[in-house]
Amino acid sequence: MGIVVERPLLRRFLLRGGRRLLYGRRKTGKTFYARHVLRDYAYFIVRPGGVIYDPLEDEELSTGAFLRVCRAGDRVILDEFHRAERRLFDAVQAGVCAENLVFITSTLHLHRSLVEPPGAPLKGLFAERRVGLLSPVELLAHPWPEPGDWRSFVELLTLYQEPSVIGWSLEDVVAAGREYARSLVGEVLTEEDHAYTARYDAVLEAIAAGHERAGEIANYLYAHGLLEKPSTGAVTKYLLEMTRMGLLESLEVWGKRRRRVYRHASPLTDLVYYLDARYGFYDLPLPEARALKAAEQRLPVLVERFVERLLADARGLRPVRILDPEVDVALVEHRRLRLVAEVKWTRGRLGRRELERIEARLLSLPAEERLLVVPDASQLAAETGLRVLDARGLVEEARAALRRWEEGGVLE
């Protein structure tokens, strides 16, 4: 990866010293960023079966040999530590290994079993941090070259939340994303000891197709012959598992605490599964021009979520879903509605009547802040009482939030 997007909160965590543990879904940049920040640390990775590999020396170490290295050295990174023999964890608990020690894992269920239950071998020994996708704050605040097309620039940053595709064009994402997305899902399920079955695939496809509630997803699977009856309970376990794994995220429906909606956590998997649900992307590869046009139709939805995450991260608020009236972005603090926003990510102009409809919808909600987000403020054909944020304004929001993060004005 040639472009390094800085992650100030993660950098601060890594530089604090002591025993630190990073965990999270595969391909979120945990190992890359840890090695980027901690350049003077010796790096090792545990291979399946428990053998520890030293890539610098290109040699394999037994657990005993690694512990001797640990005793002699003070700065060590151990990747995929959950694969190691149990006696390594006993040695860490006994204080054998270095105090400046970083453990990294791409599993959530095994990680929890080692650090959470009473008597867990690593319980209380590490400061922990979950590493997710890149934040819109981090992406927008990065010193990119001045874009010629701000709308397309923000759309690409939306996809760059997946660190592995940074630097790709939209054409690259559409051409290579099909296999990349399915491989990613398969790797995540494998790490969590789950077989990649047709039901997992269908749940992801149903959500990308717009079926966001458990009942709707169950009906989709039933219609495709994957359930004997359209039972919500039959899909709930899949939704909970994939949310825990970081493949999905769930949002509370505002005013209905027991109702939730689901969506892809990754813009890349959302885009690819949307293309598959809509056009049979996996079975009948589309001509490149048609696939690109279809992807462009999905991007405004992904930008809505990108803006939502930007504003939530920048203000320390929690996203919820409002269904009546339906709005693009709704953020709360505890139970209080703090911000609502409409995202009109188009190239056309917004006329007076449309602006009035947007104003009326947002003003009907008891929010403290109301925003209209567009690619360029010059698209507005009339004045509005809403605060307008365009692409340049999103960058300023991100830079202001990043300054607060760097000054320590956020809770980690």
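The values are calculated or read from the model by the stated rules, or taken from the named source; none is laboratory data. Bear in mind the structure is a predicted one, so any value in this text is a computation, not a measurement. Using ideal geometry, Cβ is built from the backbone for each residue, glycine included, and neighbour counts are taken over all protein chains shown.
Please go through the stretch 236-271 and give me each residue that is buried (at least 20 other Cβ atoms within 10 Å of the Cβ) and polar (S, T, N, Q), ordered by number. If the condition is that a residue be buried (at least 20 other Cβ atoms within 10 Å of the Cβ) and polar (S, T, N, Q), then 266, 269 are the ones that fit.
You will find that of 310, 299, 292, the residue that is assigned to a helix (DSSP H, G or I), within 18 Å of the chain's Cα centre (by Cα) and assigned by TED's automatic domain parsing to the domain that holds residue 259 is 299 and no other.
Inside the stretch 211-246, residues that are in a loop (DSSP other than H, G, I, E, B), under 20 Å from the mean Cα position of the chain (by Cα) and at pLDDT below 95 make up a count of 1. Taken residue by residue, the stretch 99-114 has no member that is among the small types (Gly, Ala, Ser), touching a Leu at 6+ places or on another chain (Cβ under 7 Å) and either surrounded by 22 or more Cβ atoms within 10 Å (Cβ to Cβ) or not assigned by TED's automatic domain parsing to the domain that holds residue 164 (or both).
Entry remark, the stretch 377-391: residues being surrounded by 14 or more Cβ atoms within 10 Å (Cβ to Cβ) and either of a type outside the set (A, V, I, L, M, F, W, C) or not assigned by TED's automatic domain parsing to the domain that holds residue 331 (or both) number 3 in total.
Please go through the stretch 1-20 and pick out each residue that is in a strand (DSSP E or B) and either in contact with a helix residue (DSSP H, G or I) (Cβ under 7 Å, 6 or more places away or on another chain) or among the acidic types (Asp, Glu) (or both). Before the answer, list the steps.
First, pick out the residues of the stretch 1-20 that are in a strand (DSSP E or B): 19-20.
The one that is in a strand (DSSP E or B) and either in contact with a helix residue (DSSP H, G or I) (Cβ under 7 Å, 6 or more places away or on another chain) or among the acidic types (Asp, Glu) (or both): 20.
Contact map, the stretch 59-72: first residue at pLDDT below 95, second residue of a type in the set (Gly, Ala, Ser) and assigned to a loop (DSSP other than H, G, I, E, B), Cβ cut-off under 6 Å, separation 6 or more or different chains; pairs are 70/98.
For the stretch 181-208, residues that are more than 19 Å from residue 107 (Cα to Cα) and either under 19 Å from the mean Cα position of the chain (by Cα) or buried (at least 19 other Cβ atoms within 10 Å of the Cβ) (or both) total 8.
Can you pull out the residues in the stretch 186-217 that are over 30 Å from residue 83 (Cα atoms), in contact with a His (Cβ under 9 Å, 6 or more places away or on another chain) and of a type in the set (A, V, I, L, M)? Working first, answer last.
Restricting attention to the stretch 186-217, the residues satisfying the condition of being over 30 Å from residue 83 (Cα atoms) are 202, 205-217.
Filter once more, so that each one left must be in contact with a His (Cβ under 9 Å, 6 or more places away or on another chain): 202, 205-208, 217.
Scanning the stretch 186-217 gives 202, 206, 207, 208, 217.
You will find that of 367, 330, 398, the residue that is assigned to a strand (DSSP E or B) and surrounded by 18 or more Cβ atoms within 10 Å (Cβ to Cβ) is 330 and no other. Test residue 274 against the criterion of being crowded, with 21+ Cβ neighbours inside 10 Å and of a type in the set (Ser, Thr, Tyr), and give yes or no. Answer is yes for this residue. Note on the stretch 83-126: residues that are under 30 Å from residue 158 (Cα atoms) and small (Gly, Ala, Ser) total 1.
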